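Here's the structure we're looking at; comments come further down.
Values quoted throughout were computed directly from the atomic coordinates according to the rules given, and no laboratory measurement underlies them. Since the model is a prediction, treat every value here as computed from it, not as a measurement. Quick reminder, even Gly has a Cβ in these numbers, built from the backbone with ideal geometry, and neighbours come from all protein chains shown.
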Amino acid sequence: MKKNKFLSLLGLMLMAAALTTFTACSGSDDDDDQSGTTSMYDDLDYFQKALCTIDDAGNLVSYNTGTILYKEEPQHLYIGVDNIEEAARIFAKWLSPDVKLPDITPSVRELTAQFTDKQGKPQGTIYFRAGKEPIVAEVTASAGMQLKFIDRITFLLNSAWPQNSGDEDLGINTNLGNDGELGIHGDPDNSWGR
């Protein structure tokens, strides 16, 4: 009799343990807004903070990198580099650890970074593309990207940089090109929203 009570009690305890261990699936798998993978980082926020400081009210405090060369283009930053590999390595430092890029080599011509938020939802794409000398590369974003205070980042050869400094109105020396525009202004292939 004691053996039967013990086995009954053991059976009830096993059933209780099984019921508390195994739970039914909820309908949350049908949520179309989830892209699946979660992240430790909001990639867009990480990128934004790498490039500029924004106060609690959402105002630009300062740029953390780059220089404005044209006062009529205050959201276009320029950075001096010696080669495309250096430019690509600087670009990679702005990305969260969750963003994966191929190995950076001296022959790199283009890098694409797909951004997601912490829930894995897509935020857009940032492009790093080689340019034509004296432009080493440019960084642009896909249409609809919610990046604040920056329209484009241009990596410029250091050898061309001294020619650009010291001008009172921040204009580009015409020695750099026939029109002095570095070949990027008004070029639809290099627009930020592409």
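Shape call for the range 39-162 from the C-alpha gyration tensor, a ≥ b ≥ c root eigenvalues: rounded (a/c under 1.5), prolate (a/b greater than b/c) or oblate? Don't skip to the end; give the middle numbers.
Details: a/c = 2.04, a/b = 1.20, b/c = 1.70.
Oblate.
Computed from backbone phi, the HN-Hα couplings of the range 75-87 come to 9, 10, 9, 10, 9, x, 9, 8, 7, 5, 5, 4, 4 Hz, rounded to whole numbers (Karplus: 6.51 cos²θ - 1.76 cosθ + 1.60, θ = phi - 60°; Gly and Pro given as x).
Fully extending the segment from residue 118 to residue 82, taken as 0.36 nm per residue of separation minus the present Cα-Cα distance, adds 9.5 nm. Summing +1 for each Lys or Arg and -1 for each Asp or Glu among the other residues whose beta-carbon sits under 14 angstrom from that of residue 96 gives -1.
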